Amino acid sequence: MQKTKQRLLTGNKAIAEAIRLEMERDPNVFVMGEDVGVYGGIFGATEGLFQQFGPKRVIDTPISETAFIGAAIGAAAEGMRPIVELMFVDFFGVCMDQIYNHMAKIPYMSGGRVKLPIVLMTAVGGGYSDAAQHSQTLYATFAHLPGMKVVAPSTPYDLKGMMISAIRDDNPVVFMFHKTLQGLGWMDQLDASVGHVPEEAYIVPIGKAKVVREGTDITIVGIQMTTHHALEAAKKLEQHGIQAEVIDLRSLVPLDRETILQSIKKTHRLLVVDEDYLSYGMTAEIAALAAEEGLYDLDAPVRRLAVPDVPIPYSRPLEQFVLPNADKIFHEAMKLVNE
Amino acid sequence: MTISIDHLIWMYETMYKIRYYEDKMAEAYAEGKNPVFNIGAGPVPGEMHLATGQEPAAVGICVHLKKEDTVTSPHRPHHHAIAKGVNLNRMTAEIFGKVTGLGKGKGGHMHLFDPDVKFSCGGIVGAGIPHALGAALAAKKKGTDWVAVAFIGEGAANQGAFHESLNMAALWNLPLIVVIENNQYGISVPKSASTSVPSNDIRAVAYGIKGYYVKDNDPIEMYNVSKEAVERARKGEGPSIIEIETYRYLGHFQGDPEVYRDKNEVALLREKDPIVRMRQFLMKEHGIEEQRLIELENKARQEVEAAYQFARESDYPEPEDALKDLFV
């Protein structure tokens with residue numbers, strides 16, 4: 001049988017292709033943000049769109065996040081489907097009122113009469129010495145607040161499919177992409193930032209986690225970069241005779257509880273890994289889920305690995321010390337299986 | 001400028017309706033809160049910001065608007081909502097927390113949304129301006145002549161959202177009109193202690209747009225400048241700022257001890273009340289018979305009474321309805 005030739009794309013091109021296909025399909029879709037036009041987005045998420053659609057549908061804005069995210073709300077209430085880019089998630093501080101007090105709450109406060117089909121697209125993640133104000137993921141900050149779907153895809157395939165889902169969703173969706181998984185020439189070159197992406201439009205559903213590696217001895221839950229770290233750790237664990245099951249969470253809201261609970265029924269051990277801060281975060285939420293609904297399936301207490309509760313430091317040894325990586329996951333997993 | 005008699009009559013009866021609505025709301029709000037004031041008690045709990053005295057700002061511009069035009073409003077929204085034609089029964093039911101309300105009881109008095117007439121409001125100072133900006137952007141993208149009006153208080157003109165939005169509206173030449181109701185106080189702080197310029201229309205210069213100033217709570221002057229601002233916006237001539245000098249007869253919220261102003265201040269303001277002035281103006285300058293005005297007033301009162309009755313007789317939502325409507 002002839003093997004189908006697979007087309008490979010980087011993460012950023014997968015996102016841009018998703019947006020392009022939806023803009024071709026629906027004239028109400030448009031993009032707005034800082035440097036999304038001729039530059040193509042600082043992390044390439046709108047690459048080529050300005051050249052195809054022009055300045056009326058790919059709109060460079062002033063550095064006025066409150067005004068342009070608020071304008072996305074106003075335009076969405078009028079039936080448009082805006083995609084707005086918050087360049088770094090860290091910048092949420094200058095515009096969070098529009099995000100959580102308005103975008104997230106207006107549909108609810110209106111009793112469902114006002115729909116806000118907005119995609120708030122934003123770059124997350126560290127590991128390249130960009131320091132405390134440009135390296136956070138802040139997954140839990142957004143996932144904590146009701147009224148927004150929050151997704152964080154890990155592969156080019158999922159970035160495209162989940163972006164199409166997000167654009168077609170009638171609810172506000174916070175779409176987080178990881179900078180180092182965009183496959184940009186000026187960052188670390190990771191194999192994970194390139195992958196097979198079909199040319200046509202397709203959907204990856206929001207709210208569904210994915211078992212990216214099957215195993216029987218331990219469940220490792222990751223998201224975005226930590227999923228890739230977990231897969232690398234799983235290879236090393238296999239050399240020690242341990243079969244790790246790795247779950248890529250993909251969506252924080254809605255959270256796919258079932259996939260996690262099914263997995264711990266099988267493996268009886270749970271390690272949760274996050275590139276966000278440890279306390280009050282995603283790892284705590286999943287540990288609570290396991291405690292509330294899966295406690296009797298566990299043979300050992302849940303372990304968590306995340307950024308200890310300090311801002312992301314600049315200097316390379318300091319930053320590498322606080323970020324999770326494959327080695328740290330391997331060691332945590334070894335401790336857990338030996339308990 | 002000559003004003004059509006229909007417009008004058010509409011402005012008068014709408015101001016009258018607003019005043020009567022707010023007076024009724026003050027009474028309803030006080031129920032269950034005597035002799036001890038408890039903000040959470042009575043048929044209308046929570047904060048209550050009434051617009052008594054500020055009617056000219058709402059009617060002077062809304063008379064020029066159509067259903068397709070967007071209005072955003074702040075925490076003191078009733079006069080704007082009534083002038084924009086929000087469903088009075090459902091609005092009142094919302095304020096009473098009833099299932100028949102605009103938001104099925106999830107919003108309350110500061111969060112009224114009526115997409116049928118493109119009205120919304122919110123409790124965060126200045127935050128509605130970007131929403132109107134987005135509506136203006138959508139109007140332009142769709143190739144319509146629709147406009148968007150953001151009502152704010154003078155305190156909101158010191159928020160970043162005001163300046164960011166006006167810069168973008170000017171940059172993109174959008175049909176946005178920001179109406180600043182200068183009711184003299186940001187809660188307790190007088191404008192002179194919060195704002196670096198004597199009036200905010202001056203700030204239009206900073207964005208290269210039109211600025212208008214309306215003195216002494218005058219509905220006719222508000223009508224005139226609004227007409228020009230709305231016509232300019234419809235013709236693609238860009239955004240404007242209108243500041244109107246207006247007065248809030250009541251506290252910032254009901255229950256405000258008002259320690260920051262002289263007790264006689266409001267009494268003096270009521271002597272030159274804009275609704276009384278307009279009534280006299282209609283009779284003296286336009287020969288409208290008093291009997292006709294009395295009929296209009298009766299009709300307005302009946303409409304308001306019916307809305308309150310509808311709200312009181314409606315059911316509360318089921319408690320577990322709190323879990324619905326998060327996502328569509």
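Electrostatic bookkeeping for B:VAL117 treats Lys and Arg as +1 and Asp and Glu as -1; over the other residues with beta carbon under 10 Å from its beta carbon, the sum is 0. When the helices of chain B are scored as -39500 (n - 2.57) per DSSP H run of n ≥ 4 and the total is divided over every residue, the value at 222 nm lands at -13500 deg cm²/dmol. The calculated P(r) of the protein assembly as shown, using every Cα pair and 20 Å bins from 0, goes 18, 44, 28, 9, 1 in percent. The 3J(HN,Hα) values that the Karplus relation (6.51, -1.76, 1.60; θ = phi - 60°) gives for the range A:61-76 are, in residue order, 10, x, 7, 9, 4, 4, 5, 7, 6, x, 5, 4, 5, x, 6, 5 Hz. Gly and Pro appear as x. Counting Cβ atoms of other protein chains within 10 Å of each residue's Cβ and taking the mean over peptide A:76-82 gives 6.
Any idea what the relative contact order of the range A:210-337 is, in percent, if you count C-alpha pairs under 8 Å spaced at least 6 apart? Before the final figure, lay out the partial values.
On the way: 240 pairs, mean separation 37.5, N = 128.
Averaging sequence separation for qualifying contacts and normalising by length gives 29 percent for the range A:210-337.
Helix A:257-267 and the longest principal axis of the Cα set of chain A meet at an angle near 20°. Looking at this model, which pairs from A:LYS208/A:LYS265; B:LYS24/B:LYS215; B:LYS66/B:LYS141; A:LYS115/B:LYS210; A:LYS105/B:LYS17 are more than 22 angstrom apart at the alpha-carbon? As for pairs spanning more than 22 Å Cα to Cα, those are B:LYS24/B:LYS215; A:LYS115/B:LYS210; A:LYS105/B:LYS17. Summarising the amide proton neighbourhood of A:VAL174: residues at separation of 5 or more, or on other chains, whose placed amide H is nearer than 5 Å comprise A:LEU120, A:LYS149, A:VAL150, A:VAL151.
The H on the amide N of B:CYS121, modeled in the peptide plane, is under 5 Å from the matching H of B:SER73, B:LEU112, each at least 5 residues off or on a different chain.
Rg over Rh for the range A:210-337 works out to 0.95, using Cα positions for both radii and the Kirkwood form for Rh.
Averaged across the residues of B:165-174, what count of C-beta atoms belonging to other chains lies within 10 Å of each residue's C-beta?
Values: counts 7, 1, 3, 7, 2, 0, 3, 4, 0, 1.
Mean shielding by partner chains, rounded to a whole number: 3.
So which residue, out of A:GLY125, A:GLY195, A:GLY11, gets the largest mean-square fluctuation from a GNM of chain A using Cα contacts under 10 Å as springs? Evaluated over chain A, the most mobile residue of the options is A:GLY195.
In terms of overall dimensions, the C-alpha atoms belonging to chain A reach 59, 52, 45 Å along their principal axes, ordered largest to smallest.
Rounded to the nearest 500, what is chain A's calculated 222 nm mean residue ellipticity when only DSSP H runs of at least 4 contribute -39500 (n - 2.57) each, over all residues? So the calculated ellipticity at 222 nm is -10000 deg cm²/dmol.
A simple rule links phi to the HN-Hα coupling: the Karplus curve 6.51 cos²θ - 1.76 cosθ + 1.60 with θ = phi - 60°, which for the range A:313-326 gives x, 7, 4, 3, x, 5, 5, 4, 5, 8, 7, x, 8, 5 Hz, with x for Gly and Pro.
Relative contact order, percent, of chain A when contacts are C-alpha pairs under 8 Å separated by at least 6 residues?
Numbers: 764 pairs, mean separation 55.2, N = 339.
Contact order relative to length: 16 percent.
Fewest neighbouring Cβ atoms within 10 Å first, the residues B:HIS49, A:HIS331 line up as A:HIS331, B:HIS49.
Out of all DSSP beta bridges with both ends in the protein assembly as shown, state the antiparallel percent to the nearest 5.
Numbers: 12 of 69 bridges.
In the protein assembly as shown, approximately 15 percent of DSSP beta bridges are antiparallel ones.
Near the amide H of A:PHE30, within less than 5 Å, lie the amide hydrogens of A:ARG81, A:ILE83, all on another chain or at least 5 residues away, with H placed in the peptide plane. Rounded to the nearest whole Hz, the Karplus-based 3J(HN,Hα) values (6.51 cos²θ - 1.76 cosθ + 1.60, θ = phi - 60°) of the range A:159-176 follow the sequence 4, 5, x, 7, 5, 5, 4, 5, 5, 7, 6, 7, 9, x, 10, 8, 10, 9, with x at glycine and proline. Mean sequence separation of contacting Cα pairs (under 8 Å, at least six apart), scaled by the length of the range A:1-66, corresponds to a relative contact order of 32 percent.
Rounded to a whole number of µm²/s, how large is the Stokes-Einstein D of chain B at 4 °C and 1.567 mPa s, given Rh as the Kirkwood radius over C-alpha pairs? Spell out each step's value before the answer.
On the way: Rh = 20.2 Å.
Estimated diffusion coefficient is 64 µm²/s.
Taking every Cα-Cα distance in the range B:181-276 and sorting them into 5 Å bins from zero, the calculated P(r) comes out as 2, 12, 19, 20, 18, 14, 9, 5, 2, 0 percent.
The numbers here are math on the coordinates, done by the rules we state, and not lab data. Small disclaimer: the values here were computed from a predicted structure and weren't measured. Glycine also receives a Cβ, built like all others from the backbone with ideal geometry; neighbour counts cover every protein chain displayed.
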